[in-house]
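Enquirer: Once you've had a glance at the structure underneath, I'll fire off some questions.
Each reported figure results from applying straightforward, stated rules to the coordinates on display, with no laboratory input. In this text the structure is predicted, and so the values were computed from the model without any measurement. All Cβ positions, glycine included, derive from the backbone under ideal geometry; neighbour counts span all protein chains shown.
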Amino acid sequence: MQPKITGSMTIEQILTQYPGTLAVFQARGFEQFSDPAKVQTIGRFLKLQSLAKQGNYDLDALIGLLEEATGGEALSASSRVPVRVEGLLPCPVRLPLSEAFGRFSEEFTAQTGVEVKTTLEAAAVGAKWIEEHIRTLSNHEELPDILVSAGFDTFFDPKLIGAWKQEGVFCDTTAGLGVNEAFRGVDIRDPRGDYGMFSVVPAVFVIHQDNYPDLEAPRTWEELLHPRYEKKVALPVSDFDLFNGILLNLHKEFGDEGIVRLGRSMDVNLHPAQMVRASNRASAHKPFVTVMPYFFTRMLRQNSSARSIWPEDGAIISPVFMLVKKERLELTRPVADFLASPEMGSILTNQGLFPSLHPDVKNVLPENPRWKWIGWDYLHDNDVAALLKHALKIFEDTVGVSQ
């Protein structure tokens, strides 16, 4: 394979893939790169184009010398820079998704000689994992080649990934796929081509009528906020990604007052798994309405009095995003394509009721489902992290007052 050295490559990437280029750097006064420790620190972030500018060298000429030093051949497979894939997957399908991706990764390495280093954790550890692995980063070079996760705040924070998006660091590799028929008419693909999305987590209602035989169930999110449901709703506050999606959507549509009404409606904060256990136990306390991910409706017992309602104004969407860095897209595109593939999509919908956006997947959904999607204009035109912080404070203040 003919080597391709570019100005956007870091010194570490060049020396790792093509050790023979060290002599070129040394001959031009960059002796520090003889020290592996300097390559791992300075070289990890210093791009060739920046180095050429510092040394007042013509970039194209320097690239030519470096490629000559490779002898026209790339390094053996074991020496190439691995593809890093990191992030969070929905808990119920993390294992089968990881197994399928592991098989693909082995085939990819066999064909290309490039290792795929994977860290895909369960979404349940989301807040801690994001705090330790994403919020501590100082620049986008430290990001993995592909980052997968649900949620809004991390991806749109203007001080973090949102800022790097403005620099054109990412590319939506799913843009050319079209969209699944279940999402027809929804602007689910990023029109600016930065953020990829391959699945969503829908939020629906579960009704426990036994303790409230004369109370009519809410059919829409607006009805859920009616005073008749005060202290009668279980909310998935601890499911950060889903709850953030609920806060954003309701704040967009109903403003601060909508969040106040949501706070007044809450009877208890339950994780979806706790909600299901309560629904299946006759003696457990059951709020009239439970808001939960669509997946968990599958776990309700047949003899349970609970019933699920798909909101008439649409299930609120918490997206599963995929960020792919442009700088290694030529190599990483097959990896990104597999993550958004029909094989992975079938696992998501059949084993987890998490709808896939791929047009070739037959999603397990009600007929003609409606969606409540925040919309790309809203995401791109607002400080989402600040809005979430604002909405969450209103909610917490309301819950504290109403307890």
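Enquirer: If I model a spin label as a point 7 Å beyond the Cα along the Cα-Cβ vector, how far apart are those points for residue 231 and residue 390 in nm?
Expert: 3.1
Enquirer: Still on this structure: Apply the a/c threshold of 1.5 to the C-alpha gyration tensor of the stretch 316-403 and tell me whether it is rounded, prolate or oblate.
Expert: Here the stretch 316-403 falls in the oblate category.
Enquirer: Oh, and also: Expressed in nm to one decimal, what extension gain is obtained for the pair residue 112 and residue 333 from 0.36 nm per residue of sequence separation less their Cα-Cα distance?
Expert: That pair, residue 112 and residue 333, stretches by 78.3 nm at full extension.
Enquirer: Within straight cross-link reach of residue 165, meaning Cα distance under 28 Å, which lysines are found once same-chain residues fewer than 8 apart are removed?
Expert: 4, 47, 53, 117, 128, 252, 325, 326, 372, 389, 393
Enquirer: If you don't mind, another one. So, R0 is 41 Å and r is the distance between the beta-carbons of residue 222 and residue 350; what FRET efficiency does that work out to, to 0.05?
Expert: It comes to 0.80.
Enquirer: Please report the relative contact order for the stretch 11-78, taking Cα pairs under 8 Å with a sequence separation of at least 6, and give it as a percent rounded to a whole number.
Expert: RCO, the stretch 11-78: 41 percent.
Enquirer: If you don't mind, there's one more thing I want to ask. Please find, in a Gaussian network model of the chain (springs between Cα atoms separated by less than 10 Å), the residue of 294, 378, 57 whose mean-square fluctuation is greatest.
Expert: Most flexible of the set in this elastic network: 57.
Enquirer: Next up: Just name one of 15, 178, 200: the one whose Cα is farthest towards the positive end of the charge dipole of the chain (beta-carbon charges, Lys/Arg +1, Asp/Glu -1).
Expert: Farthest towards the positive pole: 200.
Enquirer: So what is the relative contact order of the chain, in percent, for Cα pairs below 8 Å that sit 6 or more residues apart?
Expert: Averaging sequence separation for qualifying contacts and normalising by length gives 20 percent for the chain.
Enquirer: Quick check: pseudo-label points 7 Å beyond the Cα along Cα→Cβ at residue 210 and residue 60, how many nm apart are they?
Expert: If labels sit at residue 210 and residue 60, their model points lie 7.8 nm apart.
Enquirer: Give me Rg/Rg_expected for the stretch 11-78, where Rg uses Cα atoms only and Rg_expected = 2.2 N^0.38 Å with N residues.
Expert: Dividing the Cα radius of gyration by 2.2 N^0.38 Å gives 1.03.
Enquirer: What's the Kirkwood radius of the chain in Å, using all Cα pairs?
Expert: So the Kirkwood estimate lands at 23.3 Å.
Enquirer: Can you tell me how much longer the chain between residue 254 and residue 383 gets when fully stretched, taken as 0.36 nm per residue apart minus their C-alpha distance, in nm with one decimal?
Expert: Extending this stretch completely gives an extra 44.7 nm.
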